[in-house]
1. Being within 12 Å of the chain's Cα centre (by Cα) and modelled with pLDDT of 95 or more is the filter here; which residues of segment 106-138 pass it?
2. Return only the number of the condition from (1) under 23 Å from residue 168 (Cβ atoms); (2) assigned to a helix (DSSP H, G or I) that residue 60 does not satisfy.
3. Pull out all pairs, ordered by first then second residue, where Cβ-Cβ is under 7 Å, the residues are six or more apart or on different chains, the first lies in segment 100-121 and is farther than 14 Å from residue 153 by Cβ, and the second is surrounded by fewer than 21 Cβ atoms within 10 Å (Cβ to Cβ) and of a type in the set (Ser, Thr, Tyr).
4. Restricting attention to segment 169-179, does a residue exist that is in a helix (DSSP H, G or I) and modelled with pLDDT of 90 or more?
5. Which condition number does residue 108 fail, the rest of (1) in contact with a Gly (Cβ under 6 Å, 6 or more places away or on another chain); (2) under 14 Å from residue 22 (Cα atoms) being met?
6. Every residue in segment 168-194 that is under 22 Å from residue 104 (Cβ atoms) and surrounded by fewer than 10 Cβ atoms within 10 Å (Cβ to Cβ), please.
7. Just to verify a result, which residue in segment 141-167, among those that are surrounded by fewer than 20 Cβ atoms within 10 Å (Cβ to Cβ) and touching a residue at least 40 places away in the same chain (Cβ under 8 Å), is nearest to residue 128 (Cα to Cα)?
8. Tally the residues that are touching a strand residue (DSSP E or B) at 6+ places or on another chain (Cβ under 6 Å) and either in a helix (DSSP H, G or I) or at negative phi (or both), restricting the search to segment 146-158.
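The values are calculated or read from the model by the stated rules, or taken from the named source; none is laboratory data. No experiment lies behind these values; they were computed from the predicted model shown. Counting neighbours? That spans all protein chains shown, and the Cβs are built from the backbone with ideal geometry, glycine included.
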Amino acid sequence: MKYMVEKEEKIVPVFIEGNEISLAVQDSDHVDLYAKWINNPKVRVFARSETPIRVEDIKKWFEPRKGRVPKFIVFDIWHKKDKKPIGQCGLSWINWVNGWANAFLSIGEPEYWGKNIATEATEMLVEYAFNELNLNKLQGGAAVENIGSWSVAEKVGFQFEGIRKDSMYVNGKYHNGKTYRILKEEWMKYKENK
């Protein structure tokens, strides 16, 4: 798979191939795009990006980290037909000993919201976490008002665990958060019944 960048052809390092999208390796050439997504008021409102992030800060993500076990794995969500990155997903705060991680996803380009892309990306991420990394539990959460996020979680088999009262402060008021989890055995059942 290739895409155009400033009239120069570049190979996209696809890590997981999907139907409409692929999960690709993060690309340091996209730091301006990542900054745009993270700082976009429409995208960041419930993504917990409370402070601005500079391009210089994002460049540090790509600095070598020798000798450390990764706590984060991040993918670009690559739209195959349109041949461009449209968001990111991944695993954070990975606990390799206990076999769990936090799953996250953000579609940075609002014109791709509501098109089942987040559902496909989440399914690919969960499959990777359980069947390639051998994790046992994924967890995540979203503001109650962020219907798109928590409805994707429920659609792919995440189980509602509870409400975190006043867990985030957005636009001058406190919002409740919904927490979710999925165990590897629940994911296997979900796939059997799909």
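1. The initial filter retains those residues of segment 106-138 that are within 12 Å of the chain's Cα centre (by Cα), namely 106-108, 117-126.
Answer for segment 106-138, where residues must be within 12 Å of the chain's Cα centre (by Cα) and modelled with pLDDT of 95 or more: 117, 118, 119, 120, 121, 122, 123, 124, 125, 126.
2. Just one mismatch for residue 60, condition (1).
3. 101/92
4. Just the residues of segment 169-179 that are in a helix (DSSP H, G or I), to begin with: none.
No, segment 169-179 has no match at all.
5. Only one criterion in (1) in contact with a Gly (Cβ under 6 Å, 6 or more places away or on another chain); (2) under 14 Å from residue 22 (Cα atoms) is unmet by residue 108, namely (2).
6. Let us first name the residues in segment 168-194 that are under 22 Å from residue 104 (Cβ atoms), namely 168-171, 174-184, 186-187, 190-191.
Selection gives 171 alone.
7. Within segment 141-167, the match that is nearest to residue 128 (Cα to Cα) is 146.
8. Number of matching residues: 4.
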